[in-house]
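A.B. asks: I have a structure I would like to understand better, so I am pasting it below and will then ask my questions one at a time.
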Amino acid sequence: MRAEAEVAARQQELTASVTLVQQQETVIKNAISKNGVSDPRIAEVHIVPTTRITVPTVEPVEPIQDLVSMALQARPELAQSRIRLTNADISIKAVRQAMLPTLDFVASMTNNALAGTVNPNVLTIPGQPVAVPSQFFIGGVGTTFNQIFARNFPDYTVGLQLNVPIRNRAAQADMAAAELQHRQQEIRLQQGENAVRVDVRNSLIGLQQARARVDSAIKSRVLQEQTVDAEQKKYALGASTIYNVILAQRDLALSRSVEVAAMNNYTKARVELDRATGQTLAKNSISVEEAYQGTISRPPDPIPQRPPGE
């Protein structure tokens, strides 16, 4: 009865694991395809991982100062804050210049035309000869445009304009607002840098914890393998039962599951550290410029061969 209960429990865990794999496959299909699971061909296929979770034998030691410096240079939100701070500096300079006296040099040139028709109702003085206008001034629109483009009657204007602001309260208010905005951007940049430092330290601590859990899980799995071997030897000598052997094998399977989970958490901690230091794109060989241009400078990585029997 105990064995049957154990089988039922393991069958339940197997069903839960299979459904979890199917859910994760759906998430990945939706992420890497355009139409997601709406396409029947994509909905029915299974995703087979081609890479294994690997944990380096020796953890590379990176000084926290170098990681923080790398993050301060690479994190995009800090770059945005620096740009906003630069814009605030420019705003202060522009407002400060608006408070200074200004001297403008003004010059203009206008082309005029003097053309039209003779007024038939013009009054003449008795005893005086009638003035006959020159044919140069008689004409319509065509004559007018000819005189404008020929610059027959140009006007020139040259002048200086001095503006001395006296108690320019509007400009002073703009200056106060610009200085306040500049101060706010400085505080936001400092807050962002502090948050990045904390983020990097927490990510590094999380990576160290994940590595310690991996080492502990590996040691536990090795000891459990030795326990299974010892239990099998006791069973061969008649000093144990098959139930005890199955329990030891079950504990070994659980130890292996814990080891895989620990390695998975280590990988996530490594990814989190790359995100905290702003190296996600570089570590994955992703170029934003190539994405803009729609070109790829290197071929895709070949699919690794799976070991036989998997």
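A.B. asks: Which of the residues that make up the stretch 147-168 are open to solvent by 80 Å² or more (accessible area, probe 1.4 Å) and either without any contact (Cβ under 8 Å) to a residue 12 or more places away in the chain or touching a His at 6+ places or on another chain (Cβ under 9 Å) (or both)?
C.D. replies: If the condition is that a residue be open to solvent by 80 Å² or more (accessible area, probe 1.4 Å) and either without any contact (Cβ under 8 Å) to a residue 12 or more places away in the chain or touching a His at 6+ places or on another chain (Cβ under 9 Å) (or both), then Ile166, Arg167 are the ones that fit.
A.B. asks: If Val198 satisfies all but one of (1) free of Cβ contacts under 8 Å to residues at least 40 places away in the same chain; (2) open to solvent by less than 70 Å² (accessible area, probe 1.4 Å), what's the number of the condition it fails?
C.D. replies: (2)
A.B. asks: So, one more: Mind telling me which of the residues Ala269, Ala210, Ala217 ends up being closer than 27 Å to Ala9 by Cβ, in contact (Cβ under 8 Å) with a residue 24 or more places away in the chain, open to solvent by less than 50 Å² (accessible area, probe 1.4 Å) and assigned to a helix (DSSP H, G or I)? Give the derivation first.
C.D. replies: Working: Ala269 fails: closer than 27 Å to Ala9 by Cβ; Ala210 fails: closer than 27 Å to Ala9 by Cβ.
Every option except Ala217 fails the conditions.
A.B. asks: Among the residues of the stretch 73-112, what is the count of those that are over 30 Å from Phe145 (Cβ atoms) and open to solvent by less than 90 Å² (accessible area, probe 1.4 Å)?
C.D. replies: Quick first cut of the stretch 73-112, residues over 30 Å from Phe145 (Cβ atoms) only: 73-105.
Imposing the further condition that a residue be open to solvent by less than 90 Å² (accessible area, probe 1.4 Å) reduces the set to 74-79, 81-82, 85-89, 91-92, 94-95, 98-99, 101-102, 104.
Counting residues in the stretch 73-112 that are over 30 Å from Phe145 (Cβ atoms) and open to solvent by less than 90 Å² (accessible area, probe 1.4 Å) gives 22.
A.B. asks: Follow-up question, since we're still on this one. For Val68, only one of the following conditions fails: (1) among the aliphatic types (A, V, I, L, M); (2) more than 25 Å from the chain's Cα centre (by Cα); (3) modelled with pLDDT of 90 or more. What is its number?
C.D. replies: The failed condition is (2).
A.B. asks: Which one is farthest from Leu20 (Cα to Cα), of the residues in the stretch 44-78 that are among the aliphatic types (A, V, I, L, M) and assigned to a loop (DSSP other than H, G, I, E, B)? Reasoning before the result, please.
C.D. replies: Our first condition is that a residue be among the aliphatic types (A, V, I, L, M); within the stretch 44-78, this holds for 45, 47-48, 53, 55, 58, 61, 64, 67-68, 70-72, 74, 78.
From the residues that got through so far, the ones that are assigned to a loop (DSSP other than H, G, I, E, B) too are 45, 47-48, 53, 55, 58, 61.
On the way: Val45: 16, Ile47: 13, Val48: 14, Ile53: 19, Val55: 24, Val58: 32, Val61: 36 Å.
Filtering first and then ranking leaves Val61.
A.B. asks: Could I ask something else about it? Suppose we filter the stretch 240-252 for residues that are among the small types (Gly, Ala, Ser) and at pLDDT below 90; how many remain?
C.D. replies: At the first step, the residues of the stretch 240-252 found to be among the small types (Gly, Ala, Ser) are 240, 248.
Subset that is at pLDDT below 90: 240.
Result for the stretch 240-252: 1.
A.B. asks: Shifting gears a bit: Restricting to the stretch 53-62, name every residue that is open to solvent by less than 60 Å² (accessible area, probe 1.4 Å) and charged (D, E, K, R). Spell out how you get there, then give the answer.
C.D. replies: Filtering the stretch 53-62 down to residues open to solvent by less than 60 Å² (accessible area, probe 1.4 Å) leaves 55-56, 59.
Glu59 - this is the single residue of the stretch 53-62 that is open to solvent by less than 60 Å² (accessible area, probe 1.4 Å) and charged (D, E, K, R).
Conditions tested, residue by residue: (1) touching a residue at least 12 places away in the same chain (Cβ under 8 Å); (2) exposed (fewer than 11 other Cβ atoms within 10 Å of the Cβ).
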| residue | (1), (2) |
| --- | --- |
| Glu6 | yes, no |
| Arg10 | yes, no |
| Gln23 | no, yes |
| Thr26 | no, no |
| Gly36 | no, no |
| Ile42 | yes, no |
| Thr51 | yes, yes |
| Ala71 | yes, no |
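A.B. asks: Using beta carbons and a limit of 8 Å, which pairs, at least six apart or on different chains, have the first residue in the stretch 272-288 and in contact (Cβ under 8 Å) with a residue 24 or more places away in the chain and the second one open to solvent by less than 40 Å² (accessible area, probe 1.4 Å) and among the polar types (S, T, N, Q)?
C.D. replies: Close Cβ pairs (under 8 Å, with a partner that is open to solvent by less than 40 Å² (accessible area, probe 1.4 Å) and among the polar types (S, T, N, Q)) amount to Glu272/Ser203; Leu273/Ser203; Arg275/Ser203; Ala276/Ser203; Thr277/Ser203.
A.B. asks: Among the residues of the stretch 272-306, how many are β-branched (Val, Ile, Thr), over 27 Å from Glu62 (Cα atoms) and loosely packed, with under 10 Cβ neighbours inside 10 Å?
C.D. replies: Going through the stretch 272-306, the residues β-branched (Val, Ile, Thr) turn out to be 277, 280, 286, 288, 295-296, 303.
With the extra rule that they be over 27 Å from Glu62 (Cα atoms), the set shrinks to 295-296, 303.
From the residues that got through so far, the ones that are loosely packed, with under 10 Cβ neighbours inside 10 Å too are 295, 303.
Counting residues in the stretch 272-306 that are β-branched (Val, Ile, Thr), over 27 Å from Glu62 (Cα atoms) and loosely packed, with under 10 Cβ neighbours inside 10 Å gives 2.
A.B. asks: One residue is enough: does the stretch 240-251 have a residue meeting the conditions part of a loop (DSSP other than H, G, I, E, B) and free of Cβ contacts under 8 Å to residues at least 40 places away in the same chain? Step through it out loud before you land on a result.
C.D. replies: Kept after step one, since they are part of a loop (DSSP other than H, G, I, E, B), are these residues of the stretch 240-251: 240-241.
Pick out the ones that are also free of Cβ contacts under 8 Å to residues at least 40 places away in the same chain and you get 240-241.
There is at least one residue in the stretch 240-251 that is part of a loop (DSSP other than H, G, I, E, B) and free of Cβ contacts under 8 Å to residues at least 40 places away in the same chain.
The values are calculated or read from the model by the stated rules, or taken from the named source; none is laboratory data. Given the structure is predicted, the values throughout are model-derived calculations rather than measurements. Glycine also receives a Cβ, built like all others from the backbone with ideal geometry; neighbour counts cover every protein chain displayed. Just so you know, the surface numbers come from the protein's heavy atoms only, side chains and all, with ligands and any DNA or RNA stripped out. Shrake-Rupley method; radii C 1.70, N 1.55, O 1.52, S 1.80 Å.
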